[in-house]
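The structure under discussion appears below in the form of structure tokens.
The values are calculated or read from the model by the stated rules, or taken from the named source; none is laboratory data. Keep in mind the model is a prediction, meaning the values are calculated, not measured. Glycine gets a Cβ as well: all are built from the backbone with ideal geometry, and neighbour counts include every protein chain shown.
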Amino acid sequence: MTETILLSAKGISKRFPGVQALQDVSLTLHAGSVHALCGENGAGKSTLMNILIGLYRRDEGEIRIKGEQVNFASPREALRHGISIIDQELNVITEMTIAENMFLGREPERPVPFIDRAVLHKWTTEQLERVGLDVDPRTKIRNLSLAQIQLFEIARALSHDSDIIIMDEPTSALGEREVEKLFEVISLLRSKGRSIIYVSHKLEEVFRMADTITVLRDGRHVGTEEAGSLDRAKLISMMVGRKLDESVAKSGRLNGPEILSVDHLTRLGEYNDISLKLHKGEILGIFGLMGSGRSEFLNGLFGIKRAESGSIAIDGHEARIEKPSDAKRLGIAYVTEDRKLSGLVLPCSVRENVSVAALQKLARGGILNTRKEKSAVQKLVASLNIKTPSIRQPVRYLSGGNQQKVVLAKWLFTEPRILILDEPTRGIDVGAKREIYSLIAKFAESGYGIIVVSSEMPEIFALSDRIIVFREGRIAGEVGAADATQERLLHLAS
């Protein structure tokens with residue numbers, strides 16, 4: 001690895017009202033390297049990144065780019081110095097096209113002050129090809145899947161041709177194939193002397209891609225090590241300050257009574273001829289690459305987009321599900337893959353978010369019983385160990401793991417019997433992930449039938465009693481937990 005230093009941050013401190021977010025944190029980035037930044041939610045990673053790109057002003061410390069001391073006042077100024085970011089929070093204008101979002105403020109112009117659409121679309125297509133995203137640049141962002149938007153964000157950051165690229169959870173919505181494409185891009189950038197600050201809770205990716213790893217905990221710099229000198233257990237210990245048992249007790253109740261049966265469910269162009277069964281107390285894993293039809297099938301099962309043919313039965317009785325309220329009435333709960341977009345109302349309180357799906361249980365004569373609401377929400381917050389100063393706290397201020405628990409609490413409040421979880425640990429740290437796994441296992445033990453969809457094979461292996469693999473909108477195969485291997489799942493999925 002070359003010793004040319006592209007970025008040096010020393011003694012960085014930042015305080016917000018009542019919170020010391022960073023205290024004396026340092027980071028050195030060499031040219032042609034991938035430097036991973038690890039830590040639990042709330043460790044200070046986002047604050048440090050926001051300081052590096054000029055979104056926040058540091059209170060103490062210095063930052064140098066190629067030896068020059070800098071003090072960015074805005075992300076635009078950081079861009080001019082060669083720093084771009086792929087943000088975990090997908091920052092797009094949904095009613096504009098891919099091309100319009102890609103080069104917003106950088107549009108090619110004709111001699112008269114009009115945008116040259118032909119050139120704009122050509123430029124955009126070139127950038128999309130870099131990340132393997134085959135879509136028309138004239139497509140509006142609102143028509144893309146979450147994974148496609150994630151790939152777009154990666155392409156947009158790369159389009160700035162920066163020397164330093166900060167990647168914040170860049171694979172959180174991607175399937176295996178798209179992750180491999182991103183890693184190819186990273187390797188190419190590294191070979192050209194570009195440098196990556198890579199932030200991820202997926203430790204397998206960190207060990208695969210990183211040259212160096214810096215760990216933050218509670219806003220402080222725990223240590224910086226060469227990736228080759230660390231193993232998973234040591235890295236987790238640095239992150240959480242203790243040893244963490246990552247094993248998950250399997251429910252193992254495949255012989256429980258059948259709670260859900262799906263027969264030949266079809267919605268043309270999205271999923272075809274899907275048949276599966278779910279038993280009480282079972283965790284059924286669903287795996288597939290991006291575009292395999294997994295999430296579309298779940299939307300059909302929950303009535304978000306009604307299936308065109310096929311049937312659904314609950315406890316052996318045919319169930320007619322044409323809209324989400326039908327599914328909810330039948331005891332089905334659905335935790336979607338994007339908690340901030342479709343799972344939570346971020347400006348509202350923990351209390352309001354937890355109770356919103358079951359207000360009819362709390363009202364009489366159209367009047368909400370606030371005392372009953374408060375008591376019920378407090379019990380759920382306690383049982384799920386949601387860390388919040390108060391149930392009045394706006395949910396936007398909670399960590400990712402605690403936000404995910406609020407989504408779970410919201411659906412548990414409806415007293416479901418079937419729990420559908422789409423990417424249940426997307427974007428949360430290893431400690432919070434372990435808590436979510438334990439909760440899922442407890443739900444199964446108490447008799448829920450659970451469907452878990454995940455792009456992370458270790459997660460699918462850890463949780464599932466059986467695994468169904470989707471490919472091109474169909475079921476490609478089923479594998480028992482004891483027989484599941486990474487190679488077998490990928491072979492079926494691709």
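Looking at the range 315-328 only, could you name the residues that are surrounded by fewer than 14 Cβ atoms within 10 Å (Cβ to Cβ) and assigned to a strand (DSSP E or B)?
Passing the criteria: His317, Glu318.
Please tell me if Ser446 is modelled with pLDDT under 90 and either touching a strand residue (DSSP E or B) at 6+ places or on another chain (Cβ under 6 Å) or crowded, with 23+ Cβ neighbours inside 10 Å (or both).
Values: modelled with pLDDT under 90: yes; either touching a strand residue (DSSP E or B) at 6+ places or on another chain (Cβ under 6 Å) or crowded, with 23+ Cβ neighbours inside 10 Å (or both): no.
No.
Mind checking which residues of the range 212-229 are buried (at least 19 other Cβ atoms within 10 Å of the Cβ) and within 16 Å of Tyr198 (Cβ to Cβ)?
Step one: list which residues in the range 212-229 are buried (at least 19 other Cβ atoms within 10 Å of the Cβ), which gives 212-216, 219, 221.
Once the filter is applied, which keeps residues that are buried (at least 19 other Cβ atoms within 10 Å of the Cβ) and within 16 Å of Tyr198 (Cβ to Cβ), the range 212-229 yields Thr212, Ile213, Thr214, Val215, Leu216.
Please note which helices (runs of 4 or more DSSP H) are completely contained in the range 396-494 and include at least 3 residues that are hydroxyl-bearing (Ser, Thr, Tyr) and out of contact with any helix residue (DSSP H, G or I) (no Cβ under 9 Å at 6 or more places or on another chain).
On the way: elements: 400-412, 430-445, 457-463, 486-493.
Where helices (runs of 4 or more DSSP H) fall fully within the range 396-494, none carries at least 3 residues being hydroxyl-bearing (Ser, Thr, Tyr) and out of contact with any helix residue (DSSP H, G or I) (no Cβ under 9 Å at 6 or more places or on another chain).
So which residues in the range 1-27 are buried (at least 17 other Cβ atoms within 10 Å of the Cβ) and out of contact with any Gly (no Cβ under 9 Å at 6 or more places or on another chain)?
Matches in the range 1-27: Leu7, Leu27.
Just to check your reading of the model, which residue among Leu182, Leu188 is within 27 Å of Phe152 (Cα to Cα) and surrounded by fewer than 19 Cβ atoms within 10 Å (Cβ to Cβ)? Step through it out loud before you land on a result.
Details: Leu182 fails: surrounded by fewer than 19 Cβ atoms within 10 Å (Cβ to Cβ).
Going through Leu182, Leu188 in turn, the sole match is Leu188.
Report, by residue number, each residue of the range 309-367 that is among the acidic types (Asp, Glu) and under 20 Å from the mean Cα position of the chain (by Cα). Break it down into steps so the answer makes sense when it comes.
Step one: of the range 309-367, the residues among the acidic types (Asp, Glu) are 315, 318, 322, 326, 337-338, 352.
Answer for the range 309-367, where residues must be among the acidic types (Asp, Glu) and under 20 Å from the mean Cα position of the chain (by Cα): Glu337, Asp338.
Tell me which residues, restricted to the range 433-445, are more than 13 Å from the chain's Cα centre (by Cα) and either under 15 Å from Arg339 (Cα atoms) or of a type in the set (Gly, Ala, Ser) (or both).
Residues of the range 433-445 that are more than 13 Å from the chain's Cα centre (by Cα), as a first pass: 434-445.
Listed by number, the residues that qualify are Ile436, Ser438, Ala441, Ala444.
With the requirement that a residue be farther than 19 Å from Glu178 by Cβ and in a loop (DSSP other than H, G, I, E, B), what does the range 276-314 give you?
Lys280, Gly281, Glu282, Phe302, Gly303, Ile304, Lys305, Arg306, Ala307, Glu308, listed by residue number.
Might you check whether a residue that is assigned to a loop (DSSP other than H, G, I, E, B) and among the polar types (S, T, N, Q) occurs anywhere in the range 2-19?
Within the range 2-19 (the criterion being assigned to a loop (DSSP other than H, G, I, E, B) and among the polar types (S, T, N, Q)), the answer is yes, since at least one residue qualifies.
Considering Gly42, Gly67, Gly61, which residue is in the same structural domain as Leu29 (by TED's automatic domain parsing), crowded, with 21+ Cβ neighbours inside 10 Å and at positive phi? Step through it out loud before you land on a result.
Details: Gly67 fails: crowded, with 21+ Cβ neighbours inside 10 Å; Gly61 fails: crowded, with 21+ Cβ neighbours inside 10 Å.
After applying the criteria, what remains is Gly42.
Which condition does Ser229 not pass, out of (1) out of contact with any Leu (no Cβ under 6 Å at 6 or more places or on another chain); (2) under 29 Å from Lys14 (Cα atoms); (3) of a type outside the set (Phe, Trp, Tyr), if it passes all the others?
(2)
Could you tell me how many of the residues in the range 223-244 are in contact with a helix residue (DSSP H, G or I) (Cβ under 7 Å, 6 or more places away or on another chain), under 17 Å from His35 (Cα atoms) and without any contact (Cβ under 8 Å) to a residue 40 or more places away in the chain?
2
Out of curiosity, is Phe302 outside the structural domain of Glu176 (by TED's automatic domain parsing), among the aromatic types (Phe, Trp, Tyr) and under 24 Å from Ala357 (Cα atoms)? Walk me through how you get there before you give the answer.
Working: outside the structural domain of Glu176 (by TED's automatic domain parsing): yes; among the aromatic types (Phe, Trp, Tyr): yes; under 24 Å from Ala357 (Cα atoms): yes.
Answer is yes for this residue.
Are there any pairs, at least 6 apart or on different chains, whose C-beta atoms fall under 6 Å, with the first in the range 277-294 and among the basic types (Lys, Arg) and the second at pLDDT below 95 and not in a strand (DSSP E or B), and if so, which?
Close Cβ pairs satisfying both conditions: Lys280/Gly256; Lys280/Pro257; Lys280/Gly447; Arg294/Gly288.
Counting only residues that are at pLDDT below 90 and of a type in the set (Asp, Glu), how many does the range 111-133 have?
1
With on the phi < 0 side of the Ramachandran plot, basic (Lys, Arg) and in contact with a strand residue (DSSP E or B) (Cβ under 6 Å, 6 or more places away or on another chain) as the only criterion, which of Arg339, Arg392 stands out?
Just a single option satisfies the conditions, and that option is Arg392.
Do the conditions hold for Glu107, that is, is it in the same structural domain as Val185 (by TED's automatic domain parsing), surrounded by fewer than 19 Cβ atoms within 10 Å (Cβ to Cβ) and not polar (S, T, N, Q)? Please lay out each step first, then the result.
On the way: in the same structural domain as Val185 (by TED's automatic domain parsing): yes; surrounded by fewer than 19 Cβ atoms within 10 Å (Cβ to Cβ): yes; not polar (S, T, N, Q): yes.
Yes; evaluated as a whole, the condition is true for this residue.
Only one of (1) surrounded by 14 or more Cβ atoms within 10 Å (Cβ to Cβ); (2) over 17 Å from Leu260 (Cα atoms); (3) not aliphatic (A, V, I, L, M) is not met by Gly331, so which one is it?
That leaves (2) as the condition not met.
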